[in-house]
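Contents: one structure, followed by commentary.
The values are calculated or read from the model by the stated rules, or taken from the named source; none is laboratory data. Since the structure is predicted, the reported quantities are computational estimates derived from the model, not experimental observations. A quick note on method: Cβ atoms are made from the backbone with ideal geometry, for glycine too, and the neighbour counts reach across all protein chains shown.
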6 protein chains.
Amino acid sequence: MLDGQTVIRADGRKVDELRPVRITRHFTDVPEGSVLVECGNTRVMCTATFTAGVPRWRKDSGLGWVTAEYAMLPRATADRTDRESVRGKIGGRTHEISRLIGRCLRGVVDMKALGENQVQIDCDVLQADGGTRTASITGAYVALVDAMRWAEKHKHIRSADRVIKDSVSAVSVGVIDGKPMLDLPYIEDSKAMTDMNVAMTGSGEFIEIQGTAEHRPFNRAELNTLLDLAEKGNKELQAAQQAALAQD
Amino acid sequence: MLDGQTVIRADGRKVDELRPVRITRHFTDVPEGSVLVECGNTRVMCTATFTAGVPRWRKDSGLGWVTAEYAMLPRATADRTDRESVRGKIGGRTHEISRLIGRCLRGVVDMKALGENQVQIDCDVLQADGGTRTASITGAYVALVDAMRWAEKHKHIRSADRVIKDSVSAVSVGVIDGKPMLDLPYIEDSKAMTDMNVAMTGSGEFIEIQGTAEHRPFNRAELNTLLDLAEKGNKELQAAQQAALAQD
Amino acid sequence: MLDGQTVIRADGRKVDELRPVRITRHFTDVPEGSVLVECGNTRVMCTATFTAGVPRWRKDSGLGWVTAEYAMLPRATADRTDRESVRGKIGGRTHEISRLIGRCLRGVVDMKALGENQVQIDCDVLQADGGTRTASITGAYVALVDAMRWAEKHKHIRSADRVIKDSVSAVSVGVIDGKPMLDLPYIEDSKAMTDMNVAMTGSGEFIEIQGTAEHRPFNRAELNTLLDLAEKGNKELQAAQQAALAQD
Amino acid sequence: MLDGQTVIRADGRKVDELRPVRITRHFTDVPEGSVLVECGNTRVMCTATFTAGVPRWRKDSGLGWVTAEYAMLPRATADRTDRESVRGKIGGRTHEISRLIGRCLRGVVDMKALGENQVQIDCDVLQADGGTRTASITGAYVALVDAMRWAEKHKHIRSADRVIKDSVSAVSVGVIDGKPMLDLPYIEDSKAMTDMNVAMTGSGEFIEIQGTAEHRPFNRAELNTLLDLAEKGNKELQAAQQAALAQD
Amino acid sequence: MLDGQTVIRADGRKVDELRPVRITRHFTDVPEGSVLVECGNTRVMCTATFTAGVPRWRKDSGLGWVTAEYAMLPRATADRTDRESVRGKIGGRTHEISRLIGRCLRGVVDMKALGENQVQIDCDVLQADGGTRTASITGAYVALVDAMRWAEKHKHIRSADRVIKDSVSAVSVGVIDGKPMLDLPYIEDSKAMTDMNVAMTGSGEFIEIQGTAEHRPFNRAELNTLLDLAEKGNKELQAAQQAALAQD
Amino acid sequence: MLDGQTVIRADGRKVDELRPVRITRHFTDVPEGSVLVECGNTRVMCTATFTAGVPRWRKDSGLGWVTAEYAMLPRATADRTDRESVRGKIGGRTHEISRLIGRCLRGVVDMKALGENQVQIDCDVLQADGGTRTASITGAYVALVDAMRWAEKHKHIRSADRVIKDSVSAVSVGVIDGKPMLDLPYIEDSKAMTDMNVAMTGSGEFIEIQGTAEHRPFNRAELNTLLDLAEKGNKELQAAQQAALAQD
């Protein structure tokens, strides 16, 4: 069905093949959820902090809140990136990604079941090789589930399963040299004509689609191929999430 | 084909109907391009500033650059919004939208034909009633063309037509109460389950797709309906752009 | 009486002649007061936001508060000015003008009659051709009156007329090539030896006088001529304010 | 001539009497000019820093530049004021006063005679009891002269006397309980209906007039009385400046 | 015992000799404690502000709080230093010294006896010639005592003597050209191989030791000699503190 | 010699016993030096970035430069700490520690042998359980050596051994309930009366001593015991550094 499957990529993968995924739970000790997610050479530490109570604007609503912050360590990249704390302001890219991660997780959370409690997700990129925002979503979901299990155990919420309505993962797809491909590492990402990040639920629906064609517009047919690839990738990522969550 | 066309909306429109569009060129006198775009009650002033030379990182590349900034006046909204200059930092939403507008315009510009010149787009929302980011893109394109015509006339570039590879416009679509609809005013936007902004070229291809389902995921079928609506809306917006640009 | 009246200026005006004034009320829909004021090519959008309650330091005083913020859109000027939100701080000139506008309006407001309510004035310059701060004061007064009428109608205050003790307008005067002149456009302002902004009440008294002689000091006689010009100009501006406020 | 001279003020002064003025040159050792100016209980340390070269925008103009910064130490006031460095931004009042001081000094400097050199004035208020901005101007002038003498001695400029075209001092005047008065301490300043700062040259001309009537407008007659008082006060301050500069 | 005593320094002092110390109480009028401390050419103005109540995190603890802020005036140094308020952020050195001063003073305060009251120490360097942080500690102690006497007199605390458990002073020591020396002026400080600041109580114990050997490590024997010098210097500084506090 | 050795601590260690140390080199792939250092539960990722060239103020000196930045991930601590990038400024503690790390490393680097090259050290705390600043120094030294070996291999410097004059490590010591102890975890650190961080070279000399007695002053005898403990601890840490560096 996907016509590009005979192309072999720089790292030997087929066009519809994910990079190896590794999800390590309890990566650090104190957070309610702490996950190291690795997608190829991309490594992101995702923590979920559970706090009783919600921000002021949400008080007395009976509803909870989930928010996320994304950041890169200075040497996650080949060239050192200045710290945003040193520059005194957060850049547009960081803001954009933090907001994306937050929306994706809120998309699978039942705020009523969460009650007036807050979860803060932190995604810190230790090493960046493309797909850091999608890896963050995939890892953050696992950290969120762990935090909900902790909250259930400590009687802050009735049931983790009722808070988490569905699972969510995300993957990048793109068109490189005219070929649609799944899960782009940095080298491919930087020459993609079209680049799309797709977050999907375990039941196969979309939470977020962000497609950008700064270099060459894409047509409806290409879009459909990209969505097919994203669907395949997300299914596999969700299997990895479930496998990780099954261990204890 | 679009099954919701018999629904009548609060403002009397059909589900696949745009709000009235008005594009006023030369809205102010000094900018190289200055446009007031009105989509229903949403009003955005878009200016395009042409400057010879490019930022340092782009020097000696032979290529130009296009960038955009978006902002809201404090009383564009029903409740007054504090100025970002007073708060001392730019919020995530502003960053996100500024970057989106920039990418969309760069998607139709031939940077080589532009040469080492820069265009800065400013989109300032005078009144906000939903769809400010898509109206900004639609209006900014017209301001950009005017700036290119100015630059051609003043011999800064060879040909405006060669710089502008295609036109671009954008429109919002969303699912309200289960019904896909075109061009959401604030009242609809705020209760949309799914919300999507779609930027397309005059030749009918996609530049940006940003779909968000914070409140309820969407499936492939809904996605397709939304894209059909967006295609219809963008075609009409592009007709309005061409009509405005034809007058002089 | 004014000895310079035979001089003809670049724009054909006499030395004691105002530029054409236009005051458009209800320029946008949602603010309690929304005015576009045009003095020649200078165009400022002035909104007045009424909010029940006062800042913390003013609580339980029985008194209201009026404050103002001034800003320029980036392409209000011939060369683009960077946004203060992007630079992360407000410049001295902006601060100075915001404070001036606030003082002028407070000078005609009975804070007791306003009660514990706040009015926030926003003056955003769409196009700048000299005299933006004085145009802002002139326009803001009209927006303030509209906001008070709205507040009276919505029973937030007893009587708009009792809150507004007097009208206030402002105009610039200056000495160009040794000649005192009224209402300076940018081209005159930039070569003025002495530059003065004068805000006056409808009853002909002074609220603010700010005279600056960075380039050549001025003597008492020149000062008197400038004040005569300012008096004449403010009377005419107040007539325009009253005419605008009479329509509904 | 001044009708209020029989009123006796809280500190025993007549309405047209200055507070005791003390000007200490060489207050600290390293700056090119360093002055402690005391007007009653108000004490301001004024330093003038001479630097060869001018800011970038002024390069190759053959002209010099003079700029000023004003600040209060935290306990200059009865209640401690938070440091602006700690708050991370400079307030409007500080900006306004810094700009005022700079303009006043530039008003008496021949930029051509200064050549491409810069003088930075720093006025730091050690103790505030009203009139800190006018005391700053009066003291800064003396520091500026010392810096010019230093520059002449070190061959950076040809002649201090040619750079300094005239002297400048400033004083506050105001209307308290309907009585115009000279040189207001804090207790009078805080209940002034009208408050005016007047900077004048040694030859009796105006450099700056800033009159504010936030609490009650003033008429032309009151203005004239205030200007008479300011003229008298400035003459006496200039005598004190000359006396200080005569010692060495 | 100290082997370097025959070395004569640039300013004629012996290696174990302090610079002349002068402590002026009531340097300004309004603060609860206001001290000018001079150590050679280094001059620091130290004020202590007493406020009833403590910061939120300390409420209902029954304990007081003491905090300190340090800053340099722009021309305290040979070259002008930009204001941190203008740069919009506080530098690392300033932070480091402010924290040091705060810790030293808290080290001699009985927080229970202080009760829920706060003292804010401000140390502003008028002239810097080495040892500004140690002079700040020495002067701040005197200002703190004055503030406690004021608070006792005004019945905010039971007894100043019970709040102040011991006195504290500080001095710098260092190794210059292999010779350990006491109380370094700037010229010595800048060529010190090892540099140490030592804060001690009146009873001869240590509150802070900060030794730095960026240029050449030091051994245990050198450390001991430096501590002997610091002990001698601090005893003499404490005598000066007691002498100043004995006058009234 | 150390009299407290029979006390057993909460984690079963003797008073003069280090926590288990683990040093993992090449923790991430791209930096020139990348080390994970673990001291008990404290985990810090230390990277060293080598860049040809030095900051402007150091140009044409023939000398290199080494600088360091320290930061905590938000959930390194039991309670989440807000990001300094979000707060828009770097706190005093962060500044203080960054500067300390930089000084310690510069203390063992021959800047001439480094030539006009820069090394930027980044220490990011993944998990904090006391002693994060000393662990950072210990780990950063290893990352620095790796970066120098890389630079030697890539011909940027002649010899890594000549740049690195000596090794450096650091450890905390403190007095808890009157007992001097080595290497404090958070639980001990928070109740320490006296707290000292000691950085030493491989040849047994001191680079930095920072002792603080906010809660109870310490005498010379206690100081000596603490320094003995620090000496023992640093010797063991240096053995671990050498062992790690011996592997390849």
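Being modelled with pLDDT under 95 and part of a strand (DSSP E or B) is the filter here; which residues of the stretch E:181-197 pass it?
Result: E:THR194, E:ASP195.
Looking at B:VAL30 and the list (1) away from chain A (no Cβ under 11 Å); (2) within 24 Å of B:GLN241 (Cβ to Cβ); (3) buried (at least 20 other Cβ atoms within 10 Å of the Cβ), which single condition is not satisfied?
In the conditions (1) away from chain A (no Cβ under 11 Å); (2) within 24 Å of B:GLN241 (Cβ to Cβ); (3) buried (at least 20 other Cβ atoms within 10 Å of the Cβ), B:VAL30 misses (3) alone.
Could you tell me whether A:CYS104 is under 22 Å from F:ALA78 (Cα atoms) and within 22 Å of the chain's Cα centre (by Cα)?
No: the conditions fail for A:CYS104.
Under 7 Å between Cβ atoms, which residue pairs at least 6 apart in sequence (or on different chains) link something in the stretch B:85-106 that is within 13 Å of A:ARG93 (Cα to Cα) with a partner that is modelled with pLDDT under 95 and of a type in the set (A, V, I, L, M)?
Final answer for the pair search is B:ILE90/C:VAL86.
Quick one: is C:ALA199 touching a residue at least 12 places away in the same chain (Cβ under 8 Å), on the phi < 0 side of the Ramachandran plot and out of contact with any helix residue (DSSP H, G or I) (no Cβ under 9 Å at 6 or more places or on another chain)?
Spelling it out, it is not the case that C:ALA199 is touching a residue at least 12 places away in the same chain (Cβ under 8 Å), on the phi < 0 side of the Ramachandran plot and out of contact with any helix residue (DSSP H, G or I) (no Cβ under 9 Å at 6 or more places or on another chain).
Got a number for residues in the stretch D:148-165 being more than 22 Å from the chain's Cα centre (by Cα) and outside any helix (DSSP H, G or I)?
6
Can you name every residue in the stretch E:161-189 that is surrounded by fewer than 19 Cβ atoms within 10 Å (Cβ to Cβ) and of a type in the set (Gly, Ala, Ser)?
Applying the first criterion (surrounded by fewer than 19 Cβ atoms within 10 Å (Cβ to Cβ)) to the stretch E:161-189 yields E:161-162, E:165-166, E:177-179, E:186-187, E:189.
Correct list: E:GLY178 only.
For the stretch A:135-183, which residues satisfy the criterion of being closer than 30 Å to B:GLU208 by Cα and free of Cβ contacts under 8 Å to residues at least 40 places away in the same chain?
If the condition is that a residue be closer than 30 Å to B:GLU208 by Cα and free of Cβ contacts under 8 Å to residues at least 40 places away in the same chain, then A:ILE176, A:ASP177, A:GLY178 are the ones that fit.
Conditions first: (1) closer than 27 Å to A:THR94 by Cβ; (2) in a helix (DSSP H, G or I). A:GLU222 passes all but one, so which condition is the exception?
(1)
Scan the stretch B:91-101 and tell me whether some residue there is out of contact with any strand residue (DSSP E or B) (no Cβ under 7 Å at 6 or more places or on another chain) and either small (Gly, Ala, Ser) or more than 30 Å from B:GLY202 (Cα to Cα) (or both).
Checked against the condition, which is being out of contact with any strand residue (DSSP E or B) (no Cβ under 7 Å at 6 or more places or on another chain) and either small (Gly, Ala, Ser) or more than 30 Å from B:GLY202 (Cα to Cα) (or both), the stretch B:91-101 yields at least one hit.
Looking at D:ILE121, is it in contact with a helix residue (DSSP H, G or I) (Cβ under 7 Å, 6 or more places away or on another chain), under 15 Å from D:GLU208 (Cα atoms) and among the β-branched types (Val, Ile, Thr)?
Here the answer is no, as D:ILE121 does not meet what is asked.
Filter the stretch C:220-242 for residues that are more than 11 Å from chain D (Cβ to nearest Cβ) and without any contact (Cβ under 8 Å) to a residue 40 or more places away in the chain; which is farthest from D:PHE206 (Cα to Cα)?
Among residues in the stretch C:220-242 that are more than 11 Å from chain D (Cβ to nearest Cβ) and without any contact (Cβ under 8 Å) to a residue 40 or more places away in the chain, the one farthest from D:PHE206 (Cα to Cα) is C:ALA239.
Restricting the search to the stretch D:33-70, which residues are within 11 Å of chain E (Cβ to nearest Cβ), among the hydrophobic types (A, V, I, L, M, F, W, C), in contact with a helix residue (DSSP H, G or I) (Cβ under 7 Å, 6 or more places away or on another chain) and surrounded by fewer than 24 Cβ atoms within 10 Å (Cβ to Cβ)?
Within the stretch D:33-70, D:PHE50 is the sole residue that qualifies.
Would a scan of the stretch B:161-171 turn up a residue that is of a type in the set (D, E, K, R), more than 13 Å from chain A (Cβ to nearest Cβ) and closer than 28 Å to B:GLU32 by Cβ?
Within the stretch B:161-171, one or more residues are of a type in the set (D, E, K, R), more than 13 Å from chain A (Cβ to nearest Cβ) and closer than 28 Å to B:GLU32 by Cβ.
Being in contact with a Gly (Cβ under 9 Å, 6 or more places away or on another chain) and among the β-branched types (Val, Ile, Thr) narrows it down to one residue among E:VAL175, E:VAL145; which is it? Reasoning before the result, please.
Details: E:VAL175 fails: in contact with a Gly (Cβ under 9 Å, 6 or more places away or on another chain).
Criteria check complete, one pass: E:VAL145.
For C:LYS89, all conditions in the list (1) under 29 Å from B:VAL30 (Cβ atoms); (2) within 14 Å of the chain's Cα centre (by Cα) hold save one; what is the number of the exception?
Looking at each condition in turn, C:LYS89 falls short on (2).
Mind checking which residues of the stretch E:190-222 are of a type in the set (D, E, K, R) and crowded, with 16+ Cβ neighbours inside 10 Å?
Residues satisfying the conditions are E:ASP195, E:GLU205, E:GLU208, E:GLU214, E:GLU222.
Only one residue in A:GLY40, A:GLY62 is more than 17 Å from A:GLY131 (Cβ to Cβ) and at pLDDT 95 or above, so which one is that? Show your work before the answer.
Values: A:GLY40 fails: more than 17 Å from A:GLY131 (Cβ to Cβ).
After applying the criteria, what remains is A:GLY62.
If you go through the stretch C:105-116 one residue at a time, do you hit one that is in contact with a Leu (Cβ under 9 Å, 6 or more places away or on another chain) and of a type in the set (D, E, K, R)?
Within the stretch C:105-116 (the criterion being in contact with a Leu (Cβ under 9 Å, 6 or more places away or on another chain) and of a type in the set (D, E, K, R)), the answer is yes, since at least one residue qualifies.
Could you please find all residues in the stretch A:203-219 being more than 15 Å from the chain's Cα centre (by Cα), within 7 Å of chain B (Cβ to nearest Cβ) and among the charged types (D, E, K, R)?
To start, the set of residues in the stretch A:203-219 that are more than 15 Å from the chain's Cα centre (by Cα) comprises A:203-205, A:211-219.
Among the residues that remain, those that are also within 7 Å of chain B (Cβ to nearest Cβ) are: A:205, A:211-214, A:217-219.
Listed by number, the residues that qualify are A:GLU205, A:GLU214.
Within the stretch B:10-22, identify whether any single residue is of a type in the set (A, V, I, L, M, F, W, C) and touching an Asp or Glu at 6+ places or on another chain (Cβ under 6 Å), and answer yes or no. I'd like the intermediate steps shown before the answer.
Initial filter on the stretch B:10-22 (of a type in the set (A, V, I, L, M, F, W, C)): B:10, B:15, B:18, B:21.
Applying the additional criterion that residues be touching an Asp or Glu at 6+ places or on another chain (Cβ under 6 Å) yields B:18.
Among the residues of the stretch B:10-22, at least one is of a type in the set (A, V, I, L, M, F, W, C) and touching an Asp or Glu at 6+ places or on another chain (Cβ under 6 Å), which makes the answer yes.
For residues in the stretch D:74-131 being part of a loop (DSSP other than H, G, I, E, B), of a type in the set (Asp, Glu) and away from chain C (no Cβ under 12 Å), which is surrounded by the most Cβ atoms within 10 Å (Cβ to Cβ)?
The selected residue is D:ASP129.
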